[in-house]
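Shown next, in C-alpha cells, is the structure this report addresses.
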Amino acid sequence: MVGKNKALKGRKPMDERLRAELHARRAEARAVAEGVEETLGLERRRGAAFTMEGEDAAHRQRPYRRQPGLDWLARKGRITENQKAAGLRYRDAFIIAQPTVAIGSTLEVQPSMGGGGLALTSLIARAGRRQAAEAKLALYRRQLSDHPALVAACDLVCGRELTPREAAGGEREGLRLEAQLVVALDLLAGA
C-alpha cells in the first residue's frame, strides 16, 4: 500500500506539468489567433480583402487567403468576365516583365552556367520570355494610349493585385481608381 501511494505521488507532478504545458499551449494559441485577427483587421481597414479557405466560419483553423483585386471586383459584380480576362492578361505580362534574377558577375567562368546558378539555356529562355512579356505589356499600355492614370490603375490592381481601396489608400480614392480601372479594362478587352 505504501509503494502504491509513492507511485501515485510520483504521477501527480507529471500531471501538473502536463496541465501547465497544455495551459501554456492554449494561451499561446489564443495569442496567435488574436494576433492574426488584429493583423487581418488592420489590413481590412487598409482595403485588403481576405477569404477563408473553405469559406466556412465554423472551421476557424483554415487559413486566410488574400484576395487579389480582380477577384474581389469580379466577386462583387463590378467587372465582367471579359474585363477580368483582360486584367489577367495584363497581370501575366506585368509579372513576367518584372526583373527577378540578376545576372551575376564573376571572374570564375564555368561553361554552360549563367547567373544565379542557372543553366545558360534556361537563362536565355527566361530572358526571351521576359522580353516577350515586356513587348506585350508595352502593347497593352499603347492600347491605353499610355494614359498615366489608366496605366497606374492597371499596374496597381492587375499587376500588383491590390484592391482599389488598398491601392488608393481610402474609400473615395478607391472608387475613383476603380472607375479608371473599369475604363482601362474596357479598352483592353475591346482590342
Seminar exercise, completed: In the range 125-137, anything over 16 Å from ALA86 (Cβ atoms) and either touching an Asp or Glu at 6+ places or on another chain (Cβ under 9 Å) or small (Gly, Ala, Ser) (or both) is listed as ALA125, ALA127, GLY128, ALA132, ALA135
Problem set entry | Every residue from the range 160-191 that is hydrophobic (A, V, I, L, M, F, W, C), crowded, with 20+ Cβ neighbours inside 10 Å and part of a helix (DSSP H, G or I) | ALA167, ALA168, LEU177, LEU181, ALA184, LEU185, LEU188
For this session: Return only the number of the condition from (1) over 30 Å from LEU40 (Cα atoms); (2) in a helix (DSSP H, G or I); (3) modelled with pLDDT under 90 that GLU108 does not satisfy.
Result: (2)
Exercise. With respect to the numbered conditions (1) of a type in the set (D, E, K, R); (2) modelled with pLDDT of 85 or more; (3) surrounded by 11 or more Cβ atoms within 10 Å (Cβ to Cβ); (4) within 19 Å of GLU178 (Cα to Cα), which one is the sole condition not fulfilled by ASP146?
Worked result: (3)
For this session: List every residue pair whose Cβ atoms sit under 7 Å apart, with the two residues 6 or more apart in sequence or on different chains, where the first one lies in the range 161-175 and is in the same structural domain as ARG78 (by TED's automatic domain parsing) and without any contact (Cβ under 8 Å) to a residue 60 or more places away in the chain and the second, anywhere, is crowded, with 19+ Cβ neighbours inside 10 Å and among the β-branched types (Val, Ile, Thr).
Result: none
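The values are calculated or read from the model by the stated rules, or taken from the named source; none is laboratory data. Computed from a predicted model, the values in this text were never measured in an experiment. All Cβ positions, even for glycine, are placed from backbone atoms using ideal geometry, and neighbour counts span all protein chains on display.
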